[in-house]
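A short write-up of the structure that comes next.
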Amino acid sequence: MYNSKIIGLGYYVPDNVVTNDDLSKVMDTNDAWIQERTGIKERRHVVKGDGDTTTTMGVKAAKIAIERAGIDKDDIDFIVFATLSPDYYFPGPGVLVQRDLGIKTVGALDVRNQCSGFVYGISVADQYIKTGMYKNVLVIGSELHSHGLDMTTRGRGVSVIFGDGAGAAVLSREEDTTKGILSTHLHSEGQHAEELSLIAPGMGKRWVNDIIADNDPNDESYFPYMNGQFVFKNAVVRFSEVIMEGLEANKLAPTAIDMLVPHQANLRISQFIQKKFQLSDDQVFNNIMNYGNTTAASIPIALTEAWEQGKIKKGDLVVLAAFGSGFTWGSAIIRW
Ligand code: ACO
């Protein structure tokens, strides 16, 4: 058995900055409300027609990660793509990345685990590398939320939170099993599926043919729904549990954490976790202020920025943790 380690990281966000004041011009909201409740100052939105999609952003992030990994694209043995906002209903973006990067006909897997998608993706890649089946796996998290949000006052409880962007990591074989990804921990609780969801178009409640027949502009099932306070309460419990589970599995205490990179759901959630584990500001990385919540892309964007800023060094204990729609949650414990 081997371990896997992250050998290359990259991210891409669209140039277009949307501030809280910009949002207050199209809906009844304001900078103070958004900052106080979420910590977000601005986010990036793709400009319609400029060519950015979930896949193209993922490809841009992946190219940077592959270059930094110092490998050739043809050294990639498998692709994992996590998103809740795919270009197409089917096929998923994994095969589009394989095509657009011009990689030989390797397998491509799409992960549908929303905010936990990148941690799930890392876990999948880790298992393949551990067993020796693959040597280099490309994991991408990418989201284009802005075109699918209700940008009116009706949708303000959700639409102010989310932003667009992509992050990517190349995982590779590590012979020393005391280094790299030490363990991953995944969970789900489908009984709360509808508490944070987008149900149309789908085959469960809103069939495509019904939507076309109804042609109802007031149909809210096209837009994401979030029971914000319920999500918040569950998030703080599950984040804490899954971080602790990961640490205990490796016989480590919270004091061992050099850098916690939580999914950027809401600054208040990150601050709650920081306080609970008594971590200093240097031990937790947050960039939700600049990008909002980019769902599956949030951890790889944050991890890349933390690494670029020299905040993650060789030998550090890095903890990734996520919670989101499903509900799903997970953690990864990494010796860098
Ligand atoms: N601007 C101004 N007012 C708003 C806005 C807005 N953007 N959105 C809602 N309001 C109003 C509401 O209408 C409500 O008004 P009322 O009191 O007159 O009825 C009031 O503000 C309070 O609304 P709440 O929904 O109760 O506000 P809350 O304090 O719960 O904050 C929030 C909402 C930020 C969504 C919070 O519940 C939260 O952070 N939840 C966690 C969910 C989360 O982080 N989701 C991220 C995505 S999921 C994930 O990644 C885990």
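Key figures
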{"item": "Output for region 151-171, where each listed residue is over 20 Å from Phe232 (Cβ atoms) and either more than 21 Å from the chain's Cα centre (by Cα) or surrounded by fewer than 24 Cβ atoms within 10 Å (Cβ to Cβ) (or both)", "result": "Met151, Thr152, Thr153, Arg154"}
{"item": "Extreme residue, farthest from Ile76 (Cα to Cα), among residues of region 146-169 that are away from the ligand (no atom under 16 Å from the Cβ) and touching a Lys or Arg at 6+ places or on another chain (Cβ under 8 Å)", "result": "His147"}
{"item": "Every residue from region 63-119 that is of a type outside the set (A, V, I, L, M, F, W, C) and part of a strand (DSSP E or B)", "result": "Gly107, Asp110"}
{"item": "Top-ranked residue in region 126-140 [being touching a Ser or Thr at 6+ places or on another chain (Cβ under 7 Å) and open to solvent by 10 Å² or more (accessible area, probe 1.4 Å); ranked as farthest from Asp74 (Cα to Cα)]", "result": "Lys130"}
{"item": "Sole residue being closer than 17 Å to Met1 by Cα, in a loop (DSSP other than H, G, I, E, B) and touching a strand residue (DSSP E or B) at 6+ places or on another chain (Cβ under 7 Å), chosen from Thr184, Thr178", "result": "Thr178"}
{"item": "Residues of region 294-305 that turn out to be surrounded by fewer than 24 Cβ atoms within 10 Å (Cβ to Cβ) and within 10 Å of the ligand (Cβ to nearest atom), as a count", "result": "0"}
{"item": "Region 111-145 - residue that is of a type in the set (Gly, Ala, Ser) and within 13 Å of the chain's Cα centre (by Cα) and, of those, farthest from Thr294 (Cα to Cα)", "result": "Gly121"}
{"item": "Candidates Glu175, Glu143, Glu189, filtered to the one that is within 16 Å of the ligand (Cβ to nearest atom), surrounded by fewer than 21 Cβ atoms within 10 Å (Cβ to Cβ) and at pLDDT 95 or above", "result": "Glu189"}
{"item": "Scope region 189-236; condition in a helix (DSSP H, G or I) and either within 18 Å of Leu267 (Cβ to Cβ) or outside the structural domain of Gly330 (by TED's automatic domain parsing) (or both); matching residues", "result": "Gly228, Gln229, Val231, Phe232, Lys233, Asn234, Ala235, Val236"}
{"item": "Matching residues in region 32-60 - criterion: being surrounded by fewer than 16 Cβ atoms within 10 Å (Cβ to Cβ) and part of a helix (DSSP H, G or I)", "result": "Ala32, Trp33, Gln35, Glu36"}
{"item": "Selection count where residues are more than 19 Å from Gly292 (Cα to Cα) and under 18 Å from the mean Cα position of the chain (by Cα), scope region 241-280", "result": "3"}
{"item": "Residue in region 14-28 that is farthest from the ligand (Cβ to nearest atom), counting only those that are open to solvent by 20 Å² or more (accessible area, probe 1.4 Å) and assigned to a loop (DSSP other than H, G, I, E, B)", "result": "Asp15"}
{"item": "Set Leu252, Leu320: member being over 18 Å from Asn234 (Cβ atoms) and surrounded by fewer than 18 Cβ atoms within 10 Å (Cβ to Cβ)", "result": "Leu252"}
{"item": "Residue among Lys63, Lys104 that is more than 20 Å from the chain's Cα centre (by Cα) and open to solvent by 30 Å² or more (accessible area, probe 1.4 Å)", "result": "Lys104"}
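The values are calculated or read from the model by the stated rules, or taken from the named source; none is laboratory data. For clarity, every value in this text was computed on a predicted model and none was experimentally measured. No Cβ is skipped: glycine too gets one built from the backbone with ideal geometry, and neighbour counts run over all protein chains shown. Quick note on the areas: whole protein, heavy atoms, side chains included, nothing else; ligands and nucleic acids left out. Shrake-Rupley method; radii C 1.70, N 1.55, O 1.52, S 1.80 Å.
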